[in-house]
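This report refers to the structure that appears directly beneath it.
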Amino acid sequence: MSGGIFFGINIGVKSLRAQQLAMNVTGHNIANANTPGYSRQVANMETGFAVPVPSNNRWRGAGQLGTGVEISEVRRIRDQFIDWQIRAESGVLEEWKARHDALNQVEVVFMEPSDTGLSSLFSDFWNSWQELSKFPESSSVRTTVKETAVALAEAFRYSYARLENIEEGLDRKMEIAVNEANSILSQVAALNEQIKYIKVGGDNPNDLMDKRDLLLDSLANLMDIEVKPVFAQVAGKTIATGEVTVSINTSDGRINLVGPDLPGGHQQLERSGLEVSVGGSLLELNAGEMYGLQKTGFSSVTDTSSINYYKNKLDVLAKGLAEILNDIHQGGLTLKKDESDNWINGGDFFVFRDAEGNLIASEDFSAKYLYVNPVIEADVGYIAAGRVESGEEFNPGNRENALLIASLRNLRLSLDSDGNLQQDAAGDLKFETFYQNFVAELGVATREAERMVENQKTLVGQLVNRKEAVAGVSIDEEVANMIRFQHAFQAAARYIRVLDELSQTIVNGLKA
Amino acid sequence: MRITNKMMSQNFLHNLDRNKLYLGKIQDRLASGKILNRPSDDPVAVSRVMSLRTSIEEMEQFDRNMRDAASWLEASEAAMSNLTEVLQRARELAVYGAGGTLSDTAKEAIAKEVNELVKQAVQIANAVHGDSYIFGGTYTTKPPFELTEDEDRVLYKGDQAELRYEVSPGVYMPVNSSGKGFGLQVEGGEYTAKVFQTLIELRDRLRNGLESEISDILGDIDLVIDDVLSERATLGARINRMDYALDRNATVQLEYTKLISRLEDTDFARAMIDYSVQEATYQAALRTGAQLLQPTLLDFLK
């Protein structure tokens, strides 16, 4: 027998050690079955380095004799391509989630169809003018006109303020997102450093790499980053250092947020409103929650998923209503007389003023400043319900102006080149259809966002399943492995005992 | 493909969530009775519902306008009817006064009654509907007809404007009869009305006139009565028109309401079926999940 008994015992010991180590890896897997970001690990077993054994009947030697088993490495099982796919798709998911979230809130502002929304306040308003056209001398009907107008103006201001609130919410969300991104960036940089040292030592920092991947997953939810491994030239060979760079698209091209060349290994993001920059270069995002926040928060008058679009629509409606109605109101006569006993003409019915009562310049007219003229609020006699041709006699029962204003409900309108409402007999809009149209646009935009979220969720869900299929811990599998290792361990122990008996035979049996 | 325990529990939870989401949606529909609760539920249907609602609300306003117009017209018609009675009584008295066998005292007594009729006619002409005087045009806040101190003339202070109600988009209905039935005329720069002047004339002739003069005025009284009757006919025709339009509006409104209901109301039978199907799915998912998630290989090893 070649190799000797002690050589054999050594094989047994190595086997015991290897099975035990594999068992430990199994234990680690089971322990981390529910740890987020954990990828299962396997102990790679390899045959030991074979040795040549001399022999009598083969002049070149007996050949190679195995020296048992060794654990070459413990490595994690993970598919980097799926990681890359998940990051790309979950970035899009988070973008649409942010947009859907904001649009959902906008929908609550315009809770249509309902009996209490802006639409029914509009109806009440026009109907009150109809009533006034029947009872122009009645102060209680005049008060109804005032009250419905006050309610309408208030609804305009309130809706506008709610939209502004949602925008402020976006700002706060962006602040949280930027803080989170910065925290992730510094953690990734720290992990890069640790991973490099362990990697240089020849080991696999599996758990640290899992941690880093988990952080990068979270970062990819915020913005569309690109992750690349770092290579270094060592003794003429290209080797991976284990570090990664994280880069982002900016107005000045791609910029590394994390990388070994950067001081401290990473850079910090800066925020100004919804704009995010790094080192003075503006981020140009295409996915992620931050991008979603920008899409909804950036002012746009053409994008139906931006909140500003609806603010602008409210402005156009408020301006158009106030200007066209005021024009007619001024042509009418009130129930008030001046010092020389002449009937007073109507003033502005609606005014644009701030909370302190200061009038707003016409270029800044906005739904948030819409009020009923305080003169009319104080005395409904200043509502101009009557209208006479020049030379005609005026009496308080005259209702021609009220009829004219009530008929504005069906006035044909169109949008002029500045996007403002104008009177146009060939136009296809009315005040109410203008409102209905943009509520419908809101509905379509929200539905589109909802559908995108659903689709992306399914897509990401499938990718996560694929990732789990590769990297996830299966308890059944681990238990089966455990039994495998247990059997091998038992057999190895048994083998050592047999060798022990053999050595007993030699030591004790040869004594006599 | 490897299937891990986490995958199984995640898929299970994901599907369970989806089931619950659908259940919640169906429950919402059943509880609120509406399938449209926000614009994104169905943007096209929502905008149709909004525009139908607007139309209905507008039509309801026109209904109110028509009913108010009708009641104004009815008030005018009633006043005209009372005026007819007054004039007919005056005609009877004129015939009686023209008889030729009456003493001066008897004539004076008739003249007194006619004088009362003048006052009554003025009162009728100053009829009020709600807060407004109905025969003064836009002069609605004060009595439009005024008997002078010397009871010699009845002056008209109102104007001849039409009071118009909008009864459907762009269609205006005059609701007042501004003095037409009273035969307004200009006399010495002031407005008077033939109705009253004829009665006053009759009174004066009874007091100091000849029988022939009294009988001459009968023709005038007949003309005045004709005027009033023809104005009554006009008012009656307008009231009929309002009734007809109200009926037609009611039919259209009913159609619109049905359409809205079809668009936004829950079909309860269908929702109930959806609900029970969804509930069965949910329970099946729970049951299989409970059985599937439990065992591992460990359960079967000694």
### Query
Restricting attention to the range A:417-437, does a residue exist that is more than 7 Å from every other protein chain (Cβ to nearest Cβ), out of contact with any strand residue (DSSP E or B) (no Cβ under 9 Å at 6 or more places or on another chain) and closer than 30 Å to residue A:95 by Cα?
yes
### Task
State which residue pairs qualify: first residue within 18 Å of residue A:112 (Cα to Cα) and inside the range B:12-40, second residue loosely packed, with under 14 Cβ neighbours inside 10 Å and aromatic (Phe, Trp, Tyr) in any location, beta carbons under 9 Å apart, and separation of 6 or more residues or different chains.
B:29/B:268; B:33/B:268
### Query
Within the range B:2-39, restricting attention to residues that are within 18 Å of residue A:35 (Cα to Cα) and of a type in the set (S, T, N, Q), which residue is modelled with the lowest pLDDT?
B:5
### Message
Can you go through A:370, A:359 and tell me which one is farther than 20 Å from residue A:147 by Cβ, away from chain B (no Cβ under 12 Å) and among the hydrophobic types (A, V, I, L, M, F, W, C)?
### Response
A:359
### Query
Could you say whether any residue in the range B:13-34 is acidic (Asp, Glu), surrounded by fewer than 21 Cβ atoms within 10 Å (Cβ to Cβ) and closer than 30 Å to residue B:143 by Cα?
no
### Message
Considering only the range A:490-503, I want to know if a residue exists there that is part of a helix (DSSP H, G or I), more than 30 Å from residue A:134 (Cβ to Cβ), touching a Pro at 6+ places or on another chain (Cβ under 8 Å) and among the hydrophobic types (A, V, I, L, M, F, W, C).
### Response
no
### Task
Check B:248, B:238, B:232, B:270 and return the single one that is under 30 Å from the mean Cα position of the chain (by Cα) and surrounded by fewer than 16 Cβ atoms within 10 Å (Cβ to Cβ).
B:248
### Task
Starting from residues that are part of a strand (DSSP E or B) and surrounded by fewer than 19 Cβ atoms within 10 Å (Cβ to Cβ), keep the ones in the range A:256-277 and report whichever is farthest from the chain's Cα centre (by Cα).
A:256
### Message
Between a residue in the range B:143-168 that is at negative phi and any residue that is of a type in the set (Asp, Glu), which pairs come within a Cβ distance under 6 Å, given they are 6 or more apart or on different chains?
### Response
B:155/B:146; B:155/B:190; B:159/A:393
### Task
Give the residues of the range A:138-179 that are out of contact with any Lys or Arg (no Cβ under 9 Å at 6 or more places or on another chain) and within 30 Å of residue B:162 (Cα to Cα), sorted by residue number.
A:138, A:139, A:140, A:142, A:143, A:144, A:145, A:146, A:147, A:148, A:149
### Summary
Taking the range A:278-311 and keeping only residues that are out of contact with any helix residue (DSSP H, G or I) (no Cβ under 9 Å at 6 or more places or on another chain) and surrounded by fewer than 18 Cβ atoms within 10 Å (Cβ to Cβ), one is left with A:279, A:280, A:281, A:282, A:284
#### Entry: Residue count for the range B:251-302, restricted to those that are more than 16 Å from residue B:20 (Cα to Cα), in contact (Cβ under 8 Å) with a residue 24 or more places away in the chain and in a helix (DSSP H, G or I)
11
### Message
Please go through the range A:171-206 and give me each residue that is over 19 Å from residue A:269 (Cα atoms), assigned to a helix (DSSP H, G or I), without any contact (Cβ under 8 Å) to a residue 40 or more places away in the chain and out of contact with any Leu (no Cβ under 8 Å at 6 or more places or on another chain), ordered by number.
### Response
A:197
### Query
Within the range B:135-155, can you find the residues that are assigned to a loop (DSSP other than H, G, I, E, B) and surrounded by 14 or more Cβ atoms within 10 Å (Cβ to Cβ)?
B:135, B:136, B:137, B:138, B:139, B:140, B:141, B:143, B:144, B:153
### Query
Could we say that residue A:139 is facing another protein chain (nearest Cβ under 9 Å) and within 28 Å of residue A:336 (Cα to Cα) here?
no
### Task
Please determine, by comparing only the residues of the range B:24-46 that are among the hydrophobic types (A, V, I, L, M, F, W, C) and over 24 Å from residue B:273 (Cβ atoms), which one is nearest to the other protein chains (Cβ to nearest Cβ).
B:46
### Query
Where residues in the range A:352-373 are in contact (Cβ under 8 Å) with a residue 24 or more places away in the chain and among the hydrophobic types (A, V, I, L, M, F, W, C), which of them is surrounded by the fewest Cβ atoms within 10 Å (Cβ to Cβ)?
A:365
### Query
List, please: which pairs have Cβ atoms under 8 Å, are six or more places apart or on different chains, and start with a residue in the range A:451-470 that is more than 18 Å from residue B:15 (Cβ to Cβ) and more than 10 Å from chain B (Cβ to nearest Cβ) and end with one that is among the hydroxyl-bearing types (Ser, Thr, Tyr) and outside any helix (DSSP H, G or I)?
none
### Query
If you check residue B:222 against the conditions, is it closer than 27 Å to residue B:17 by Cβ and surrounded by fewer than 15 Cβ atoms within 10 Å (Cβ to Cβ)?
no
### Query
Which number in (1) over 14 Å from residue A:153 (Cα atoms); (2) in contact with a Pro (Cβ under 9 Å, 6 or more places away or on another chain) marks the one condition that residue A:351 misses?
(1)
### Query
Tally time: how many residues in the range B:135-161 are within 14 Å of another protein chain (Cβ to nearest Cβ), among the β-branched types (Val, Ile, Thr) and in contact with a strand residue (DSSP E or B) (Cβ under 7 Å, 6 or more places away or on another chain)?
1
### Query
When you go through A:395, A:401, A:410 one by one, which is the residue that is over 18 Å from residue A:128 (Cβ atoms), within 14 Å of chain B (Cβ to nearest Cβ) and polar (S, T, N, Q)?
A:395
### Task
Find all pairs meeting these conditions: Cβ atoms under 7 angstrom apart; at least six residues apart or on different chains; first residue within the range A:39-52 and over 12 Å from residue A:14 (Cα atoms); second residue β-branched (Val, Ile, Thr) and assigned to a strand (DSSP E or B).
A:41/A:74; A:43/A:71; A:43/A:74; A:44/A:71
### Task
Select from the range B:91-134 the residues that are outside any helix (DSSP H, G or I) and farther than 30 Å from residue B:176 by Cβ and write down the one among them that is nearest to the other protein chains (Cβ to nearest Cβ).
B:98
### Message
Looking at residue A:161 and the list (1) farther than 29 Å from residue A:401 by Cα; (2) buried (at least 18 other Cβ atoms within 10 Å of the Cβ), which single condition is not satisfied?
### Response
(2)
### Query
When the residues of the range A:122-158 are filtered to those that are small (Gly, Ala, Ser), touching a Gly at 6+ places or on another chain (Cβ under 9 Å) and not in a loop (DSSP other than H, G, I, E, B), which remaining residue is modelled with the lowest pLDDT?
A:139
### Task
Looking at (1) over 16 Å from residue A:11 (Cα atoms); (2) away from chain B (no Cβ under 11 Å), find the lone condition where residue A:483 falls short.
(2)
## Note on the structure
Considering the range B:47-90, residues that are free of Cβ contacts under 8 Å to residues at least 12 places away in the same chain and at the interface with chain A (Cβ under 9 Å from one of its Cβ atoms), and then whichever is surrounded by the fewest Cβ atoms within 10 Å (Cβ to Cβ), we arrive at B:64
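The values are calculated or read from the model by the stated rules, or taken from the named source; none is laboratory data. Just so you know, these numbers come straight off a predicted model, no measurement behind them. Every residue, glycine as well, gets a Cβ built from its backbone with ideal geometry; the counts of neighbours run over all protein chains shown.
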